[in-house]
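> Questions regarding the structure given below will be posed in turn.
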Amino acid sequence: DRQTLVAVLQFLRRSNLRESEEILRREARLLGDDLGGSVATVATSSPGVAAVAAVPPGKGEAHGTAESVPPPGGNPKSGGALSSPSSKITHSGDVSAVVVEDQPDVSAVLSAYNQQGDPTLYEEYYSGLKHFIECSLDCHRAELSQLFYPLFVHMYLELVYNQHESEAKSFFERFHGDQECYYQDDLRVLSSLTKKEHMKGNETMLDFRTSKFVLRISRDSYQLLKRHLQEKQNNQIWNIVQEHLYIDIFDGMPRSKQQIDAMVGSLAGEAKREANKAKVFFGLLKEPEFDVPLDDEDEEGENEEGKPKKKKPKKDNVGSKSKKQDPNAPPQNRIPLPELKDSDKLDKVMNMKEAARRVRLGPECLPSICFYTFLNAYQGLTAVDITDDSSMIVGGFADSTVRVWSVTPKKLRSVKTAADLSLIDKESDDVLERIMDEKTASELKILYGHSGPVYGTSFSPDRNYLLSCSEDGTVRLWSLQTFTCLVGYKGHNYPVWDTQFSPYGYYFVSGGHDRVARLWATDHYQPLRIFAGHLADVTCTRFHPNSNYIATGSADRTIRLWDVLNGNCVRIFTGHKGPIHSLAFSPNGRFLATGATDGRVLLWDIGHGLMVGELKGHTDTIYALRFSRDGEILASGSMDNTVRLWDAVKAFEDLETDDFTTATGHINLPENSQDLLLGTYMTKSTPVVHLHFTRRNLLLAAGAYSSQ
C-alpha cells in the first residue's frame, strides 16, 4: 500500500534513520523526488497513518524491545535517551534486571536536567497530557492520573535547574492545586525551591532525583499513554517518563481509583512488585522444652473461684504449642540466639502459669484498660516502655533523663557498693538477697547520661538491662542491677529516633535521622548490620517475634522489612500518607500493623507482601499499636487522646490472597472499618504514647497529661 509505505519512509527520515530509508526506497523502487512530492499529500490526507506506523503493533513485539522506538520527530539526542529503556520498564512475568545505582553525587544527579526543552511550552505539554488523561475512559483515567504528581515535580525542577525561574513559578502556581491532597507537605518543600542554588543541598530533592518514582499501570493504560505521547511528539514528557519514572506494567484489569489510593502516597511512589517476592520465614521458632511444675496452691485457688474446668485444656494448649515445628518458621539456627539461662527458664515457667490464667479476649470480652498518666511531666515525656512482666515502667524525657519506676509494691534496689560487697559471706544461701542494698531502695530511679531528649527506650526481656536512644546520636545500655550506664553505642551521627531489644535479648536495633537502621549486639561496640534504603528518617523499629527480621517505619511514608541474616530488604509496604510512627507484629508472626500521622492503621500480610486492611477512626498521629497476647485484639493509641480496640481475628479472617491478587496487587479492602472497631476510650487530655498487654491480657496504656 503506497500510502503506508510513504508514511513509513517519512517516519524513518524524521528519525534520522537515513540508511534504512535508502534500503526501503530501493526495495520499493521509489525515487527521492517522488517521495518528496507525495509527502505533502500524505501529511494532509491521512495524518493517522504516520502515527500508526510509528508505534509497532503490541502483539508480536520482542520482549521489552518495542519500548525503545523513539517518538516521531525524535532527534538523535532524545533517541539516545530512549535507546535502552527496556531496563527501566519491566513487564510482569519476567525478572527485572534493574541495576540499583549507588547514591550518585549531587551534581551528577542534577545534570540529568540539562536537556533544555522550550521552557515556555512546559505548561502546554502538561496541560495537554492533563486534558488527554481527563478525557480518557474511566478505567484508564485513575491509573494514568498517577503520572500527574511525578511529572509535575520533575518538570518544575527542570525549569528551576535551567534557571527559568518565572516560568517555573507560573507552572507551579497553575498546576499545584491539581495534585492529590496527600502530597501537600512535599509541595510545600518544593515551593521553597525557586533557584538552582537551592537544589544543591536539598535532601528531599535529591531523593526525588535519585530514586525512580514507581507507578504500577496495566498494559492497556500504558499502551494508551505511549501512543498519545508519540502522536503528540511530546518529547519532553516522554523523556521524563523514561528518565525518572519506573513503570511496573501488569497484565489484567486496570485498578480502580480506590485501589490505587490505598497503595500510593509514599515519597517514591509504590513498591515494585518484585520487591515483595522474596520468601520470608514469618513463622515462630520452637520454644525450648522443659517441665512446668504445677503448684498445688494454684490448683486450689482456681477451684475456689469456681472454674476448675477451664484450666486443664488451656494448660495442654500451652505445652503443645512448643511441640510442632511451624512450617513457615526459619531454621532454628538461622541466626545465632543467646543460650537460655536458668533465670530465663524460671521466667518462662512464670509466663506459662500466667498464660494459664489469661483472659480470652474477643468482641464479647474486651480487656480492662489501666492508664498510667504522667502528671506534671514538665520535662516533656518522649518515650515509654513497660517490661514484659509489667513490673517496671520507664520514661524517656526531653530533659535528657531516663526515669524508671516500679509498678509493683516491690521497690527498685541496686547492688551494694564494692566495699559493702566484700563483707558478704559468698557461701550463704541467700547471697543474691544480701547483695541488694535496701537503704537506697526506692520507687523511682533517675538515669543521667544523655545530652539531648530521649526518643526511645526498651527493656531487655530478662529485665537486667535497659536501652535508651537520644537526640545526641547515641544509644545507651543501662544496668538495672546497678542503675548505671554500661555502654554508649556511637554509630549514628544524628538523632536516634527509636531502639528496641530483640525478643530473645542480646541483639537490638536502632533507627535515626541518618535514614538507616542499625543492628547491634550488646557485646559489640560496632553495629553488626546497617539497613540502608529508606529515603528519609527511620522513625520506628520493631523486631519480628522470631528475631530473624526487623521492620522499620520511615518519614518517607514506607515500611520496610529487613532480613537480619544478610541485611537484605525483603518487603516494602506503601500506602501511608504520612510518616510512620508505630509498628506491631501479630503474635503468630504472620501480620504487621502500622500507624502513621495520617491517622490510619494499615494491616499487612507479611508472607504475601500485601495490604489486607485499613482501620480508620483516629483523627491524629498513631503512636502506639499492640496486639493482645493471643492476637485476638489490636489496640491503637493516638495523639487524639483515645485508645481504640479493633477485632483482629475478623480483620484477618478469610483473606483473599489468591495468585492474581498477589501478582497484580489488586487489593480489595472492605469499605467500612467501623464493624471492626470494638471500642473507643477517651482520656481527658492525655495523648497515648505506649500500649502494653500484660501476660493476662490486661491492657496498660501510658501518656503525659497535657494541660492545653
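> Please list HIS154, HIS176 from largest to smallest accessible area, probe radius 1.4 Å, with all protein chains kept in place.
Details: HIS154 0, HIS176 70 Å².
Final ranking, largest accessible area leading: HIS176, HIS154.
> I'd like the FRET efficiency for LYS195 and GLU287, computed as 1/(1 + (r/R0)^6) with the beta carbon distance as r and R0 of 56 Å, rounded to 0.05. Intermediate values should be presented prior to the final figure.
On the way: r = 61 Å, r/R0 = 1.09.
Computed FRET efficiency for LYS195 and GLU287 comes out at 0.35.
> Calculate the spin-label point distance for GLU427 paired with SER451, positioning each point 7 Å from the Cα along the beta-carbon direction, and give it in nanometres.
5.0 nm
> Please tell me which of these pairs span more than 26 angstrom C-alpha to C-alpha: LYS286/LYS411; LYS445/LYS490; LYS341/LYS416; LYS353/LYS650; LYS212/LYS616; LYS345/LYS445? Each step should come with its number before you reach the end.
Details: LYS286/LYS411 35 Å; LYS445/LYS490 24 Å; LYS341/LYS416 23 Å; LYS353/LYS650 28 Å; LYS212/LYS616 30 Å; LYS345/LYS445 28 Å.
Violating the 26 Å limit, Cα to Cα: LYS286/LYS411; LYS353/LYS650; LYS212/LYS616; LYS345/LYS445.
> Roll a 1.4 Å probe over the protein chains and send me the accessible area per residue for the range 118-270 in Å². Walk me through the numbers on the way to the answer.
On the way: 5840 Å² over 153 residues.
Accessible area per residue, the range 118-270: 38 Å².
> Please compute the per residue accessible area over the range 367-462 with all protein chains in place, 1.4 Å probe, rounded to a whole number of Å².
Numbers: 5060 Å² over 96 residues.
Result: 53 Å² of accessible area for each residue.
> Right, something else. Report the per residue volume, in Å³, of the convex hull enclosing the C-alpha atoms of the range 398-509. Numbers along the way, then the final one.
Details: hull volume 14.4 nm³, N = 112.
That works out to 129 Å³ per residue.
> Would you kindly calculate the mean projected area, averaged across all directions, of the convex hull enclosing the Cα atoms of the range 118-270, in square nanometres?
Numbers: hull surface 33.2 nm².
Mean projected area of the Cα convex hull: 8.3 nm².
> At LYS277 and GLU134, where each label point lies 7 Å from the Cα along Cα→Cβ, what is the point-to-point distance in nanometres?
Going from the LYS277 label point to the GLU134 one covers 3.8 nm.
> Per-residue accessible area for GLU653 at 1.4 Å probe radius, Å² rounded to 10?
The accessible area of GLU653 comes to roughly 90 Å².
> Give the average over all directions of the projected area of the C-alpha convex hull of the range 478-578, one decimal, in nm².
On the way: hull surface 26.6 nm².
For the range 478-578, the mean projected area of the Cα convex hull comes to 6.6 nm².
> Take each of the peptides 348-357, 408-417, average the number of other beta-carbon atoms within 10 Å over its residues, and list them starting from the highest. Kindly include the intermediate steps, with their values, before the conclusion.
Working: 348-357: 16.1, 408-417: 14.0.
Going by the mean number of other Cβ atoms within 10 Å, highest first, we get 348-357, 408-417.
> Using the beta-carbon distance between ARG2 and ASN566 and R0 = 56 Å, what value does 1/(1 + (r/R0)^6) give for FRET efficiency, to the nearest 0.05? Each step should come with its number before you reach the end.
Working: r = 62 Å, r/R0 = 1.11.
Working from the Cβ atoms, E equals 0.35.
> Now for a different question. Can you give me the solvent accessible area of TYR623 with a 1.4 Å probe, rounded to the nearest 10 Å²?
90 Å²
> Ok, one more. So if each residue of separation counts as 0.36 nm, and I subtract the Cα-Cα distance between ASN376 and VAL349, what length gain in nm does that give? Provide the component values of the computation, followed by the final result.
On the way: separation 27, 0.36 × 27 = 9.72 nm, distance 3.87 nm.
Value of the extension gain: 5.8 nm.
> Could you please state how large a percent of the accessible area of the range 118-270 is carbon and sulfur, counting protein chains only and using a 1.4 Å probe?
Working: 2910 of 5840 Å².
Here it works out to 50 percent.
The values are calculated or read from the model by the stated rules, or taken from the named source; none is laboratory data. Predicted, not measured: the structure shown is a model, and the values here were computed from it. All Cβ positions, glycine included, derive from the backbone under ideal geometry; neighbour counts span all protein chains shown. Only protein heavy atoms, including side chains, enter the accessible area calculation; ligands, DNA and RNA are left aside. Shrake-Rupley method; radii C 1.70, N 1.55, O 1.52, S 1.80 Å.
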